[in-house]
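Read through the structure below, which is laid out as structure tokens, and then see the notes.
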Amino acid sequence: MVQGVVIIGVQWGDEGKGKIVDYYAASADLVARFQGGNNAGHTLVVEGKQTILHLIPSGILQNSTCLIGSGVVVDPDNFLTEIGVLKKMGIPNLENRIFLSDRCHLILDYHKHLDAARENRKGGKIGTTKRGIGPAYEDRASRRGLRIADLFNESVFEAKLKENWDEKNFLLKEFYGVETVSMDQFMTKYREIARQLKPFIRDVAQILHDEVSAGKKVLYEGAQGVLLDMDYGTYPYVTSSHTLPSQAALGTATRLPKDTLFVGIMKAYSTRVGEGPFPTELNDAMGQRLRDTGHEFGATTGRPRRCGWLDLVAVRYALRVSGIKNLAVTKADVLSGLKELKVCTSYQLDGKKLETLPADTSLLSRATPVYETFEGWGEDLSQLHSANSIPNALKNYLRFIEDFTGSKINLVSTGAGREAVIDIQKAF
Ligand code: GDP
Ligand code: IMO
Ligand code: MG
């Protein structure tokens, strides 16, 4: 029996982490986010009803206590909007179940303006979610950031804000040529936000420390995916945080429980939103088939996701750099009905075989995939719940993934709903 489970995406995000966290959270006392912000879009489907969470941990529809650790950047507008949605859904007792670290950095309006201004400028586009994630993490690193604790020290908040405001305004107006809002308006708004945030703010690290010491079960919920990690992803087409499992400890300021299981969430094919290399991308009818059947549209921005065959070179790399040995495979049902499937097992570049991801991302953009072909399966997977019932062709596909990546598949997800799982080896 493990006490901790860390969930990480091992592709370019949107692997189905929200669904798996919601499923595992039935057995967890606490669920903690530890990096990223509301660039995440985690979808939960319970009794046919879809809920998309951007910042609040995906344990909120179960009974878990939900923590937002100091590694997360928090857009207070988004946080309060999400709280409003959950209240409307009738989820009770939110103030006693959602705790926000006072050390989280704030995403303020100028971060969002800057993110959008950079994206809208010609050249150098990353395809960000325009949620201000990059600029907020930049301010944290350059020690200009404002943190949640600062909201309750008005003179400090105002002085720090003024410094930032002047600098950001200059950039926005003079360099990017966009209009901004006045600081007075901004101060009035943030006083009100401080008042509304107050009931949720806690020393999250202390809570987690005490709960782990008391033997409580914790689920750590990663956002994005390893291939979007700031250092180990396809830089610069990445997000601005670390998405690796080691960030779970850092972003909550706690030691992970001694018995912790690390589970990589992997879609049975590949998708990517935004710019950047994607060797197995399919710009054809098959790509469209995957997008249509898999409903591959961004949960945060609504952008169509780029779709392609499973890239096991990329997944094997992601598992290696994150030290993960266990997988949950999602969206196997989306592949049902295809005669044959392809899996990328190496790349060709300038006449040479490439078996891992190069640091120079421009090389990856030129690499072409080398595929192995697999027989497809026609069965509807939605009613299957035991490992024995998995069709043989899918078994072969899964076995190949295990052998190629040197990992074990603990769970296969066969639909968007909470109950659509084949739980081969229980997590908690
Ligand atoms: P996340 O960001 O990793 O949580 O993933 P998203 O929620 O952004 O995207 C995953 C999408 O696939 C959502 O619409 C989910 O409801 C859906 N989904 C998750 N698992 C499955 C599955 O096994 N089969 C199908 N058909 N849909 C799934
Ligand atoms: P979840 O948690 C997929 C992508 C953006 C862009 C790049 C940088 O739902 O899996 P950012 O706004 O972070 O500066 O954008 O990262 N991106 C995601 N792609 N899923 C996500 O989160 C993502 N969060 C960011 O599309 O390419
Ligand atoms: Mg998502």
Inset, instruction - Identify the single condition in (1) in contact with a helix residue (DSSP H, G or I) (Cβ under 7 Å, 6 or more places away or on another chain); (2) of a type in the set (S, T, N, Q); (3) more than 28 Å from F262 (Cα to Cα) that T373 does not satisfy, given that it satisfies every other one. - result: (1)
Legend entry - Failed criterion for R144 (all others in (1) open to solvent by 20 Å² or more (accessible area, probe 1.4 Å); (2) more than 27 Å from the chain's Cα centre (by Cα) hold): (2)
Legend entry - So N396, is it loosely packed, with under 11 Cβ neighbours inside 10 Å, assigned by TED's automatic domain parsing to the domain that holds L310 and free of Cβ contacts under 8 Å to residues at least 24 places away in the same chain: no
Legend entry - Listing of helices (runs of 4 or more DSSP H) fully contained in the stretch 83-186 that carry 2 or more residues being polar (S, T, N, Q) and away from ligand 2 (no atom under 16 Å from the Cβ): 154-170
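Every residue in the stretch 1-19 that is over 27 Å from R305 (Cα atoms) and open to solvent by less than 10 Å² (accessible area, probe 1.4 Å), please.
Taking the stretch 1-19 as the starting set, the residues that turn out to be over 27 Å from R305 (Cα atoms) are 1-5.
Residues satisfying the conditions are G4, V5.
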Inset, instruction - Would you check if there is a residue in the stretch 63-73 being within 14 Å of ligand 3 (Cβ to nearest atom), modelled with pLDDT of 95 or more, within 14 Å of the chain's Cα centre (by Cα) and among the small types (G, A, S)? - result: no
Inset, instruction - Please go through the stretch 292-303 and pick out each residue that is away from ligand 2 (no atom under 12 Å from the Cβ) and surrounded by fewer than 16 Cβ atoms within 10 Å (Cβ to Cβ). - result: D292, H295
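Go through the stretch 147-158 and report how many residues are open to solvent by 60 Å² or more (accessible area, probe 1.4 Å) and either among the acidic types (D, E) or over 15 Å from D75 (Cβ atoms) (or both).
Of the residues in the stretch 147-158, the ones open to solvent by 60 Å² or more (accessible area, probe 1.4 Å) are 147, 152-155, 158.
Within this subset, residues satisfying the condition of being either among the acidic types (D, E) or over 15 Å from D75 (Cβ atoms) (or both) are 152-155, 158.
Residues in the stretch 147-158 being open to solvent by 60 Å² or more (accessible area, probe 1.4 Å) and either among the acidic types (D, E) or over 15 Å from D75 (Cβ atoms) (or both): 5 in total.
Has the stretch 320-328 got at least one residue that is among the aliphatic types (A, V, I, L, M), within 21 Å of G276 (Cβ to Cβ) and open to solvent by 70 Å² or more (accessible area, probe 1.4 Å)? Even if it seems obvious, please write down each step before you answer.
Initial filter on the stretch 320-328 (among the aliphatic types (A, V, I, L, M)): 321, 324, 327-328.
Then drop every residue that is not within 21 Å of G276 (Cβ to Cβ), which leaves 321.
If we keep only those that are open to solvent by 70 Å² or more (accessible area, probe 1.4 Å) too, we end up with none.
Among the residues of the stretch 320-328, not one is among the aliphatic types (A, V, I, L, M), within 21 Å of G276 (Cβ to Cβ) and open to solvent by 70 Å² or more (accessible area, probe 1.4 Å), which makes the answer no.
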Legend entry - Residues within the stretch 187-237 that are among the hydroxyl-bearing types (S, T, Y) and away from ligand 2 (no atom under 16 Å from the Cβ), tallied: 3
Inset, instruction - Those residues that are open to solvent by 40 Å² or more (accessible area, probe 1.4 Å), of a type in the set (D, E, K, R) and modelled with pLDDT of 95 or more, I need them from the stretch 119-141; list them, please. - result: K130, R131, E138, R140
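Take D284 and decide whether it is more than 30 Å from M1 (Cα to Cα), more than 16 Å from ligand 3 (Cβ to nearest atom) and crowded, with 16+ Cβ neighbours inside 10 Å.
Numbers: more than 30 Å from M1 (Cα to Cα): yes; more than 16 Å from ligand 3 (Cβ to nearest atom): yes; crowded, with 16+ Cβ neighbours inside 10 Å: no.
So D284 fails the test.
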Inset, instruction - Would you check if there is a residue in the stretch 256-272 being under 21 Å from the mean Cα position of the chain (by Cα), among the polar types (S, T, N, Q), within 13 Å of ligand 1 (Cβ to nearest atom) and under 30 Å from K216 (Cβ atoms)? - result: no
Inset, instruction - List every residue pair whose Cβ atoms sit under 9 Å apart, with the two residues 6 or more apart in sequence or on different chains, where the first one lies in the stretch 186-215 and is over 22 Å from L108 (Cα atoms) and not assigned by TED's automatic domain parsing to the domain that holds G69 and the second, anywhere, is open to solvent by 10 Å² or more (accessible area, probe 1.4 Å) and assigned to a loop (DSSP other than H, G, I, E, B). - result: none
Inset, instruction - With the condition kept exactly as written, say whether any residue in the stretch 244-255 is within 14 Å of ligand 1 (Cβ to nearest atom), among the polar types (S, T, N, Q), under 21 Å from G323 (Cα atoms) and touching a residue at least 40 places away in the same chain (Cβ under 8 Å). - result: no
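The values are calculated or read from the model by the stated rules, or taken from the named source; none is laboratory data. All values reported here derive from a predicted model rather than from experimental measurement. Every residue, glycine among them, receives a Cβ derived from its backbone with ideal geometry; neighbour counts consider all protein chains shown. Protein only, heavy atoms only, side chains kept; ligands, DNA and RNA dropped before computing areas. Shrake-Rupley method; radii C 1.70, N 1.55, O 1.52, S 1.80 Å.
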